[in-house]
Amino acid sequence: MDTLSLLQHYWWFLISLLGALLVFLLFVQGGQALLYRLGYTEEERNLIVNSLGRKWELTFTTLVTFGGAFFASFPLFYSTSFGGAVYVWMAILLCFVLQAVAYEYRRKPSNVFGERTYDIFLMINGLAGPLLLGMAVGTLFTGAPFTVDRLNLANEGGAAVISQWATPWHGLDAVANPRNWALGLSVALLAMILACQFLAHDIDDEAIRSRIRTCLRRLAGGFVAVFVIWLLTLLMADGWTADPATGVISVEPHKYLHNLLAMPVVAILLAVGVIAVLCSIGMAWVGRRRAIWFGGSGTVLTVLALLLLAGWNHTAYYPSTVDMQASLTIANSSSSLFTLRTMFWVSLFIPVVVAYIWYAWRSLSRRPITREELRDGGHQY
Amino acid sequence: MFTDYLSTVDWSRAQFALTAIYHWLFVPLTLGLGPLIAIMETLYVRTGDDFWRRTTKFWMRLFGVNFAIGVATGLILEFEFGTNWSNYSHFVGDIFGAPLAIEGIFAFFLESTFIAVMYFGWGKVSRRFHLTATWLTAIGANLSAWWILVANAWMQHPVGCTFNLETVRNEMSSFSEVALSPVAVNKFLHTVTSSFTLAALFVVGVSAWYLLRGREKRMASKSIAVASIFGLLSALATAWSGDRSGAIAATTQPMKLAAMEALYDGEQGAPLTVIGVLRPEAERTSNDEAFHFRIDIPKLLSLMSFRDTEAFVPGINDLIEGNPEQGILPAAEKMARGRAVIDTLARYRTARDAGDTQTMQRIAALFDGSTPQGEEFLREKFAYFGYGYLDSPQQLVPNVPLLFYSFRVMVGAGCLFILLLLLVWWYNRRDSLTAKRWLLHACVWCIPLAYLASQAGWIVAEVGRQPWAIRDLMPVSIAASKIPSGSVTTTFILFLVLFTALLIAELSILLRQIKIGPKNE
């Protein structure tokens, strides 16, 4: 493997890791979706919002960094997917805008629209955010109708656009594919399960914990069913594979199953991740507070493995359903060797970032939040 | 189809401008209030005086109200590069993406991690750790400004890159040239110090409001003491970096400078117009016919642009029609050279489709900068690539009145702020500020003026960049995504309604919090 290819794989790994961390941190959205399901009184909802609110910025920042890192390492994906599937991405952005202001404004006096409106904003973001993100990620496996010709720049006006969408639906095409729905629902349900685990760990309140257990039991069955269906269809599905010598792309039956067999480390990551998530559900079922650590690490490992399946082993991580040769692989869509190398040095700083996030998280979350803490005053959402 | 795309371009520009304007209504206060809060908390930790803790927490509360919406609009901006400007994203993503990613890794995580400690860490972490968290939040915010301004500066003055024919895009060849280009460094200094000034004026203005009502006298006076000196130093630094910006624009973006000054005919010893009223566009063909009236300072424009009172400053007509004496090519010639490059790309595509590798290799050799032939082609032809997409030389002229008046609003307000902050600092130091009610009223009115000046600054920077998305390389007319203009119109209206509603909520909350004051801290 030459240096460029090595760096392309390295950057796909980092993108996958960021994506995996993002899915874990979507527990914030999951908790927002369950706000009125878990919090019956105003005080209970405040407890939930103040527990989640101390982490919302991390989810938001991970999403922003995920976008920035994708732009830096695979700019052709950025221009093709964002510039094509514009309706889906705009919907995602809009529901994240609603979240950003809702925490800070919901209980401030003179907030114009009232606390209930901001709580609805939180719930819209909580339900739609993970669902839409999951469906958008689903297209990495199911493809999208786009064409790419870099030499379109030899044209003028709209014809000069390099990446073009072949249908007028601009991303809404994803809605027509049940596999995208299955992944979207899996992500949304997982976010809610992780939220239950996080809130059980972070809030010291028996009434809320009792509701969390009931809620989690209802969610668990649905999540396992939908996720297993999605995973099985993935392993059975055809994939687009690129010839490493020529770059020519062709269809390979059971591509993702083959990827698992060809990359045993990824297969182990996936297995460990799935088992950890299932264990965490079992732990939370019986009321164990540490379930979130299993759920979180299991989610990261599972999503990491799935995204590696999408991009490694010469797989087209963004297949074109209308022009197979336009499909994006990590080899044909990456930044230059110089940029990837420069960004490699930057990425060495990531462990420091993780370390200080961990330290700050531990400093604030040493003790669970209680009703008494909220009654004592201090900054609140 | 072509018309529909142009409409998409216009709506995309409008949408990006809308998002950027709203974003910049909130960000400068975050950038400047962060260090001010950190200074106040430092005073608390050093003196142990609980007064400073309450003062810090009060300003921190206002910081929080403002912070959230800046984050929200920032997210939209980042992704709009992809959704609305996909050609741009491909053409320069190899360079432009890196600063955005670094911004996330280095700055956003710093900011988002420690802001939680800043708000919820009181009493949970040690005083010193809390103070560190506050400083790191402020540093994180300003560090993020560095990287996004590096990206913006690169659009104004693309450096440290080469064109790769195989990938049909510009690729980074020197990270240091991109990250430390004089345009980027100066833009950062100018933007950040102007944000510090705005935040200082905000603190001074709110404190002045308290003094006018005879409330919170100690907090107001002490806050003014900190903010006025901080703001004065920042405003002086803004003026210094602004002067440098003009000098840099003279060499890197002469059309922007000429349009800012409504200078139609270049001249040696060019005067600077302090104020003036422009004639309608059709009548503005020369320096003599450009203004209804004007007040000039002789030779000042030459001095500020080139540090030489007799230097030649090119005008709009020189840049359009060319000026052989000054070595300025006519725009028509640049357009012809740009078209030649586009034609070369078209021939390359034809050869690729026909499998004609010989022609492909011959053309590829033209873009190889390591050979004399390639070096000459890149310097003499490809340097004007973007001109090839223009229909007429007149497209090169940005909106002159908007630039001319915006620039004067920015500079005029900046000068006023220096004077105001100096007076406020002086009278506050002598304990006689409360008696100067006219000055306190002026402080309150300077809050909206600071926002106006700040927005005017960005209008100068971005309208002055037109018609380019990337100067000389890619005009906005081919940078956009190919999406229906109706969809961009819809999202534009959606964002307009949403951002306006959130702005109203933010202002309402902010004003209420100011009325409540620090009594709950």
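Here are the numbers for the structure shown:
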{"item": "Residue with peak Gaussian network fluctuation, chain A [Cα springs, cutoff 10 Å], from A:G143, A:G31, A:G67", "result": "A:G67"}
{"item": "Between segment B:151-194 and segment B:198-255, the alpha-carbon center distance in angstrom", "result": "28 Å"}
{"item": "Mean ellipticity per residue at 222 nm, deg cm²/dmol - from DSSP H runs of n ≥ 4 across chain A, formula -39500 (n - 2.57)", "result": "-22000 deg cm²/dmol"}
{"item": "Average other protein chain Cβ within 10 Å of Cβ, residues B:314-323", "result": "0"}
{"item": "Part-to-part distance (alpha-carbon centres) for segment A:1-67 and segment B:1-63, which is given in Å", "result": "23 Å"}
{"item": "Residues whose placed amide H lies under 5 Å from that of B:W468, excluding near-sequence neighbours", "result": "B:V476"}
{"item": "Nonlocal amide H pairs with B:T285, under 5 Å, H built at 1.01 Å", "result": "none"}
{"item": "Pair B:D391, A:W293: separation of 7 Å Cα→Cβ label points (nm)", "result": "6.6 nm"}
{"item": "Cα-Cα over 21 Å, subset of B:K57/B:K187; A:K108/B:K515; B:K334/B:K482; B:K222/B:K515; B:K187/B:K334; B:K124/B:K515", "result": "B:K57/B:K187; B:K334/B:K482; B:K187/B:K334; B:K124/B:K515"}
{"item": "Mean Cβ count within 10 Å, highest first, over the residues of peptides B:167-174, A:216-223", "result": "B:167-174, A:216-223"}
{"item": "Dipole magnitude of the protein assembly as shown about its Cα centre (Cβ charges: Lys, Arg +1; Asp, Glu -1), debye to nearest 20", "result": "4060 debye"}
{"item": "Packing rank of A:305-311, A:256-262, where each peptide gets the mean count of other beta carbons within 10 Å, highest leading", "result": "A:305-311, A:256-262"}
{"item": "Packing-based ranking, highest mean first, of B:117-123, B:279-285, A:359-365 given that Cβ atoms within 10 Å are counted", "result": "B:117-123, A:359-365, B:279-285"}
{"item": "Per-pair calculated FRET efficiency, R0 = 25 Å: B:W122 and A:T370 via Cβ, rounded to 0.05", "result": "0.90"}
{"item": "Neighbourhood charge, 11 Å Cβ-Cβ cut-off, centred on B:A290 and excluding it, Lys, Arg +1 and Asp, Glu -1", "result": "-3"}
{"item": "Amide H contacts of A:A316 (H built 1.01 Å from N, under 5 Å, at least 5 apart or other chain)", "result": "A:W240, A:T241, A:A242"}
{"item": "Partner chain coverage, peptide A:47-60 - average Cβ within 10 angstrom", "result": "3"}
{"item": "0 to 90° range, to nearest 10: angle between helix B:2-47 axis and chain B longest Cα axis", "result": "30 degrees"}
{"item": "Segment B:115-127 - phi-based ³J(HN,Hα) in whole Hz, Karplus 6.51/-1.76/1.60, Gly and Pro as x", "result": "5, 5, 5, 4, 8, 9, x, 4, x, 9, 10, 5, 4"}
{"item": "Inter-part distance where segment B:345-378 and segment B:454-513 are each reduced to a Cα centre, Å", "result": "38 Å"}
{"item": "Calculated from backbone phi, Karplus (6.51, -1.76, 1.60) coupling profile of segment B:260-275 in Hz, x at Gly/Pro", "result": "4, 9, 6, 8, 8, 10, x, 8, 7, x, 5, x, 9, 7, 6, 9"}
{"item": "GNM top mover of A:V97, A:V300, A:V353 - chain A, alpha-carbon springs below 10 Å", "result": "A:V353"}
{"item": "Area projected by the alpha carbon convex hull of the protein assembly as shown, averaged over all directions, nm²", "result": "36.8 nm²"}
{"item": "Cα pair distances exceeding 37 angstrom across chain A, given as percent", "result": "22 percent"}
{"item": "Whole-Hz couplings from phi, Karplus 6.51/-1.76/1.60, listed for segment A:245-251; x for Gly and Pro", "result": "7, 9, x, 5, 9, 9, 7"}
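Since every read-out is calculated from the coordinates, none of them should be taken as a lab result. Values in this document were obtained by computation on a predicted structure and should not be read as measured data. A quick note on method: Cβ atoms are made from the backbone with ideal geometry, for glycine too, and the neighbour counts reach across all protein chains shown.
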